[in-house]
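Worksheet for the structure shown next.
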Amino acid sequence: MEIFFLPSIVDGWASSYLNASEDETIEFGTPKVGIKNYPASFSWQWYLIVPEGRQVKITFDVFELEQSENCENDYLEVREAYFNDPSDPLVIRGEYGAILAKPMCGSTKPSTIQSSGNMVWVQFVSDSNTTTTYKGFKASFTAGKIKRSVLRCM
Ligand SMILES: [Ca+2]
């Protein structure tokens with residue numbers, strides 16, 4: 001079992017790097033879901049990584065964010081992550097990756113999300129309004145497998 005949890009601040013963005021091995025399930029989400037609501041002016045990004053050749057499968061357990069038009073106040077978005085420079089596999093980025101889920105908000109629990117690559121970027125952002133508070137979200141991910149349909153030559 002190999003778990004990396006390296007909180008780091010890069011360009012003002014707090015990030016967590018989570019590595020799941022073959023049969024591992026790793027939880028992530030806003031701080032202390034179920035005990036505390038998420039703070040205002042809070043942002044965090046998670047990099048979800050599974051072994052090469054596998055896909056990241058995300059399942060939501062709790063989801064309650066402030067509802068706003070176009071989810072512009074508080075939101076969660078999910079994209080494929082990528083190496084910023086292919087020759088430097090230490091720097092992973094996500095902000096311009098292919099969209100897996102556009103900014104989501106409100107209290108409708110998102111359905112399962114599966115990537116095509118083995119790295120995913122998840123970003124949570126809350127605005128500065130402190131008068132309304134919500135639970136936040138809790139999710140988990142595993143190394144999924146793309147289901148290949150079997151083609152037979154007739
Ligand atoms: Ca808010």
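The values are calculated or read from the model by the stated rules, or taken from the named source; none is laboratory data. Computed from a predicted model, the values in this text were never measured in an experiment. Reconstructed Cβ throughout: ideal geometry from the backbone, glycine too, with neighbour counts over all protein chains shown.
Here is a check on your reading of the model: is T112 at pLDDT 95 or above, away from the ligand (no atom under 16 Å from the Cβ), polar (S, T, N, Q) and more than 18 Å from N19 (Cβ to Cβ)?
Details: at pLDDT 95 or above: yes; away from the ligand (no atom under 16 Å from the Cβ): yes; polar (S, T, N, Q): yes; more than 18 Å from N19 (Cβ to Cβ): yes.
The answer is yes for T112.
No other residue among I35, I58 is part of a loop (DSSP other than H, G, I, E, B), more than 16 Å from the ligand (Cβ to nearest atom), aliphatic (A, V, I, L, M) and closer than 20 Å to Y134 by Cβ apart from I35. All of S126, S107 fail the test of being within 16 Å of the ligand (Cβ to nearest atom), farther than 29 Å from E22 by Cβ and crowded, with 20+ Cβ neighbours inside 10 Å, apart from S126. Quick check on V91: is it away from the ligand (no atom under 16 Å from the Cβ), of a type outside the set (S, T, Y) and under 14 Å from the mean Cα position of the chain (by Cα)? No. Residue pairs whose Cβ atoms lie under 6 Å apart, separated by 6 or more positions or on different chains, with the first residue in region 107-132 and within 19 Å of E69 (Cβ to Cβ) and the second of a type in the set (F, W, Y), are P110/F60; F124/W44; V125/Y75; S126/Y38; S126/F42.
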